[in-house]
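The values are calculated or read from the model by the stated rules, or taken from the named source; none is laboratory data. All values derive from a computational prediction rather than experimental measurement. So basically every Cβ, Gly included, is an ideal-geometry build from the backbone, and we count neighbours across all protein chains shown.
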Amino acid sequence: MRIRPKSDYLKQAGWEELYVLSGHWKSDMDFYSDELNFLSNLLNRYSMWLTENDNIRRVEKVKLKLSVLQEFKNDLIHCVLKHMRHLKDLMENPFSYDEIIFRNEHAELEDDFADFIKAHRTLKREVFSLTSSIVESENINNLLHGG
């Protein structure tokens, strides 16, 4: 999954444009942060009702993946904020960073962002599939609704 156009956009884009794009990444990461918190809460809510060892192991495995993705997200947010500071510096002083190195770093950050989105989507599907499976196998609907 590539976000950047196949043209020479990255080589030609101005610092202001890259700053706006990075701001969108930051905003997206805030949304993904909320989603990861929701998925974590969802797993925690279902895990308290588990009785089958296989389900307990499956949930713990997914919780570990979620924790790893949370760390990836935190690192990515840190990198985006640092990148935005560098862009601000470049707008104020074009000679503060090597342009080629900076644009390569921007492309790498964009690739990391795309990797995060792919991992997030995969994990989200896994969480929803797992919780659906658990509801069936543990008969949680009866427990939750007093049936």
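Quick look at the values:
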quantity: Matching option when the condition is modelled with pLDDT of 90 or more and either hydroxyl-bearing (Ser, Thr, Tyr) or within 30 Å of Ser133 (Cα to Cα) (or both), among Leu64, Leu18; calculated: Leu64
quantity: Which numbered condition Lys118 fails, given (1) within 22 Å of Asp30 (Cβ to Cβ); (2) without any contact (Cβ under 8 Å) to a residue 60 or more places away in the chain; (3) of a type outside the set (Val, Ile, Thr); (4) surrounded by fewer than 14 Cβ atoms within 10 Å (Cβ to Cβ); calculated: (2)
quantity: Residue match in the stretch 17-33 (condition: aliphatic (A, V, I, L, M), surrounded by 14 or more Cβ atoms within 10 Å (Cβ to Cβ) and more than 23 Å from the chain's Cα centre (by Cα)); calculated: no
quantity: Residues (of a type in the set (A, V, I, L, M), out of contact with any helix residue (DSSP H, G or I) (no Cβ under 6 Å at 6 or more places or on another chain) and at pLDDT 90 or above) located in the stretch 68-106; calculated: Val68, Leu81
quantity: Selection count, the stretch 12-62, where residues are under 30 Å from His83 (Cβ atoms) and among the charged types (D, E, K, R); calculated: 7
